[in-house]
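Structure first, commentary second.
The values are calculated or read from the model by the stated rules, or taken from the named source; none is laboratory data. The shown structure was predicted, so the numbers you read here are calculated from the model rather than taken from an experiment. Methodologically, a virtual Cβ is constructed for each residue, glycine included, from the backbone with ideal geometry; neighbour enumeration extends over all protein chains shown. These accessible areas exclude ligands, DNA and RNA; they are computed on the full protein's heavy atoms, side chains included. Shrake-Rupley method; radii C 1.70, N 1.55, O 1.52, S 1.80 Å.
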Amino acid sequence: MTQSTAHDYYDASGKAHYAFDFAGPYPSGMFPLHAAKAGVVHMARWTQTNGDPTTPGNYLILRDDTTTPVSYQLYLHFAQESIPEALRVPGARVTRGQYLGLADDTGISSGNHLHFHVHLNPDSYWGQSVDITFEEVDINGGRPRIQDDLPYCDWSGDVCTATRNTYVSQNYPPVDPSPPQGDITSPADEITLSSGSLLLQGWATDNTP
């Protein structure tokens with residue numbers, strides 16, 4: 001990780017205070033990105049040329065309906081055309097660990113990296129970041145921090161008691177990259193039921209060997 005709360009140095013609005021930048025060892029090349037959590041594609045941008053420093057860069061936004069309020073995962077700085085075509089369509093479902101594309105440096109960036117944060121704004125790719133934790137991070141209650149973040153750990157509720165530069169993700173790609181498919185066939189959508197019992201019918205299939 002190259003920075004977290006230190007985003008405040010670059011963004012005076014503080015909207016990226018709870019954001020995270022991840023990169024490979026210097027000099028970092030492009031590297032594959034996988035979904036931190038399941039979600040539904042909300043927005044996607046994939047056409048900006050690699051290295052183009054104009055904002056915003058290429059991104060993928062996943063909507064997470066399991067949180068209250070609904071939240072949005074921002075994955076930023078994708079390489080041009082690297083987001084799979086199936087994930088460029090709003091409503092496409094994404095599983096945890098699913099391949100999302102390649103990290104590059106499209107947009108405001110000094111090198112290939114992933115900018116990741118979670119926000120609550122449904123109307124834009126960008127929004128006020130919210131405090132999140134990672135299951136595999138064993139410091140600060142799951143909040144990764146590096147030494148350079150400490151001068152910016154001044155918000156109410158910030159936890160910055162320990163630092164570390166390198167973190168190992170336990171979020172491995174699924175063995176089967178194709179999620180199970182299924183649907184409810186009965187009862188029909190948007191009908192009113194008045195009986196005391198309900199017959200539920202549907203189908204499901206999974207191509208995992």
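So here's what we get for this one:
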{"read-out": "Residue identified as exposed (fewer than 14 other Cβ atoms within 10 Å of the Cβ) and at pLDDT 95 or above among Pro69, Pro25, Pro122, Pro53", "value": "Pro69"}
{"read-out": "Extreme residue, surrounded by the most Cβ atoms within 10 Å (Cβ to Cβ), among residues of the stretch 30-45 that are more than 10 Å from the chain's Cα centre (by Cα) and more than 15 Å from His113 (Cα to Cα)", "value": "Ala44"}
{"read-out": "Meets criteria (open to solvent by less than 70 Å² (accessible area, probe 1.4 Å) and over 17 Å from the mean Cα position of the chain (by Cα)) for Gln48", "value": "yes"}
{"read-out": "Residue that is surrounded by the most Cβ atoms within 10 Å (Cβ to Cβ), among those in the stretch 157-184 that are out of contact with any His (no Cβ under 9 Å at 6 or more places or on another chain) and within 20 Å of Tyr10 (Cα to Cα)", "value": "Cys160"}
{"read-out": "Residue that is least open to solvent (accessible area, probe 1.4 Å) [pool: residues in the stretch 77-119 that are farther than 15 Å from Ala35 by Cα and of a type in the set (S, T, N, Q)]", "value": "Thr106"}
{"read-out": "Which listed residue, of Asp149, Asp131, Asp154, is under 16 Å from the mean Cα position of the chain (by Cα) and acidic (Asp, Glu)", "value": "Asp131"}
{"read-out": "Considering residues of the stretch 1-22 that are over 15 Å from the mean Cα position of the chain (by Cα) and outside any loop (DSSP other than H, G, I, E, B) only, the residue surrounded by the fewest Cβ atoms within 10 Å (Cβ to Cβ)", "value": "Tyr9"}
{"read-out": "Candidate set: the stretch 91-111, residues that are in contact with a Gly (Cβ under 6 Å, 6 or more places away or on another chain) and assigned to a loop (DSSP other than H, G, I, E, B); chosen: the one farthest from His42 (Cα to Cα)", "value": "Asp105"}
{"read-out": "Restricting the stretch 50-78 to residues that are in a loop (DSSP other than H, G, I, E, B) and of a type in the set (Gly, Ala, Ser), the residue that is nearest to Arg88 (Cα to Cα)", "value": "Gly57"}
{"read-out": "Whichever residue in the stretch 185-200 is in contact with a strand residue (DSSP E or B) (Cβ under 8 Å, 6 or more places away or on another chain) and open to solvent by 90 Å² or more (accessible area, probe 1.4 Å) and, among such residues, is nearest to Arg93 (Cα to Cα)", "value": "Leu200"}
